[in-house]
Each structure stands twice: as structure tokens, then as C-alpha cells.
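Enquirer: Sharing a structure, written as C-alpha cells. Questions coming.
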Amino acid sequence: MKITLIRAEKESGKEALSTLEVDALIKKLKTETKAGHVSTLRAILPQLEGTCAQYEHIDKLPRIYPAVEYSRTQEGERRMKNYNGLVQLEVNRLSGIAEAEYVKQQAALLPQTFAAFCGSSGRSVKIWVRFARPDGTLPTIQEALLFHAHAYRLAVTCYQPMLPFGITLKEPDLMQSCRMTVDEQPYYNPSSVPF
């Protein structure tokens, strides 16, 4: 399964699209880049809260899209290539790494948890939950939006009772994403069982 990363360049307005195998992405999450954008973001966030200011290098952190693998058409337009069957749940407004680690441990208790990792703020956790049809197949791109919406609702219903913090409810969307992050010990279960 391939995960799409998209980085929008603020100055040029261009968009860089790349895909990575999940194993490579999880490995990449474990170490900070030389530029240290995630660590800097985590350090500066407390000072930015309550202001209109924004981290100046936020566009250097690509967005990760777990639900759909994207590619480019010959005209350069983005198009959906494959539906991955991954739903992203977010637990936000945590006090820090200790609470994030606890949320990851709780998420790991369910066999459907494909991955759980600390968000770029250092105060959130992204949980990727695996879904498939009863026969183990994934829906086509045309069927994916409705399937994904039902899957998201089921994931929230199943995960919320076991988490001590609220899941941030989002509109179920194939374009749901998160920023590139660093987590030295992400939870990753490539043999997770789909709902």
C-alpha cells in the first residue's frame, strides 16, 4: 500500500506530490530531518497559541493522505489512483508526549489499528484504522467516498469508549490528512485486521 505526501510550496504555488510504501513512511517518521522543522514547530507552538501568527516553515512539512493514493495525469492534475481503506482518527489537545503515548497504547489494543503516531504538534495522536468489505476487498474509487464515510463513523463509535480523551470529529473525507511528523516509537501493525 502506498501513502501520498503532498507539499505545497508557498512562494511558487506549486505542489510536490510523492508516494511512499507504508513501511518506508513509518521508518521516515522515526527520525527528524536535518532542518528540524517538526522539533522547531513543537517548540514554538506554545508561543503562537492565541495569536494570528503561523510557523513560517509550515509549508516545508508535507501533508500525508492515508485514505487514497494519488498520482498525476499527463496534464499535471492530481487524480485518485487507489483507495487504501485507511480511516484517520485524531485525538487533539493533549498535554504532551506522555498523554500521546497513552493514547497510542490504548489504540494498539484493537486489532484494526494499522498505525498510531504522535502528530506534528506533539500534543495529538493520529490513529489509522483499517477497513475492507466483508470479502476482504476494497471498494472502487467511485464507491470509496460512501464506504469511507460509513467506515469513519464506525471507527469513532468503536474507538471513543476506550480512549480517555475525545476524538476530534471531522467530516469523513478522502482528503483528510495530517502534517509530516516525528515519532520515535510509532505503533505500526501491517497485519492489522480490517473491520
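Enquirer: Give the number of residues within region 71-93 that are over 19 Å from Ser18 (Cβ atoms), surrounded by 15 or more Cβ atoms within 10 Å (Cβ to Cβ) and either modelled with pLDDT under 90 or not hydrophobic (A, V, I, L, M, F, W, C) (or both).
Expert: Result for region 71-93: 2.
Enquirer: With the requirement that a residue be of a type in the set (Asp, Glu) and either in a loop (DSSP other than H, G, I, E, B) or modelled with pLDDT under 85 (or both), what does region 1-21 give you?
Expert: Of everything in region 1-21, those that are of a type in the set (Asp, Glu) and either in a loop (DSSP other than H, G, I, E, B) or modelled with pLDDT under 85 (or both) turn out to be Glu9, Glu11, Glu15.
Enquirer: Determine whether Tyr159 is aromatic (Phe, Trp, Tyr), at pLDDT 95 or above and open to solvent by 70 Å² or more (accessible area, probe 1.4 Å).
Expert: Judged against the criteria, Tyr159 is not a match.
Enquirer: Let me ask you something else. When you scan region 126-139, do you find a residue that is among the polar types (S, T, N, Q), in contact (Cβ under 8 Å) with a residue 60 or more places away in the chain and either surrounded by fewer than 23 Cβ atoms within 10 Å (Cβ to Cβ) or out of contact with any strand residue (DSSP E or B) (no Cβ under 6 Å at 6 or more places or on another chain) (or both), even just one?
Expert: No; the residues of region 126-139 include none that is among the polar types (S, T, N, Q), in contact (Cβ under 8 Å) with a residue 60 or more places away in the chain and either surrounded by fewer than 23 Cβ atoms within 10 Å (Cβ to Cβ) or out of contact with any strand residue (DSSP E or B) (no Cβ under 6 Å at 6 or more places or on another chain) (or both).
Enquirer: Also: Can you spot a residue in region 97-116 that is more than 23 Å from Met1 (Cβ to Cβ) and buried (at least 20 other Cβ atoms within 10 Å of the Cβ)?
Expert: yes
Enquirer: Checking Leu154 against (1) closer than 19 Å to Ala107 by Cβ; (2) hydrophobic (A, V, I, L, M, F, W, C); (3) under 17 Å from the mean Cα position of the chain (by Cα), which single condition isn't satisfied?
Expert: The single condition Leu154 does not satisfy is (3).
The values are calculated or read from the model by the stated rules, or taken from the named source; none is laboratory data. These numbers come from a predicted model, not from an experiment. Cβ sites come from the backbone with ideal geometry, for glycine too, and all protein chains shown count toward neighbours. Heads up: the accessible areas ignore ligands, DNA and RNA and are worked out on the full protein's heavy atoms, side chains in. Shrake-Rupley method; radii C 1.70, N 1.55, O 1.52, S 1.80 Å.
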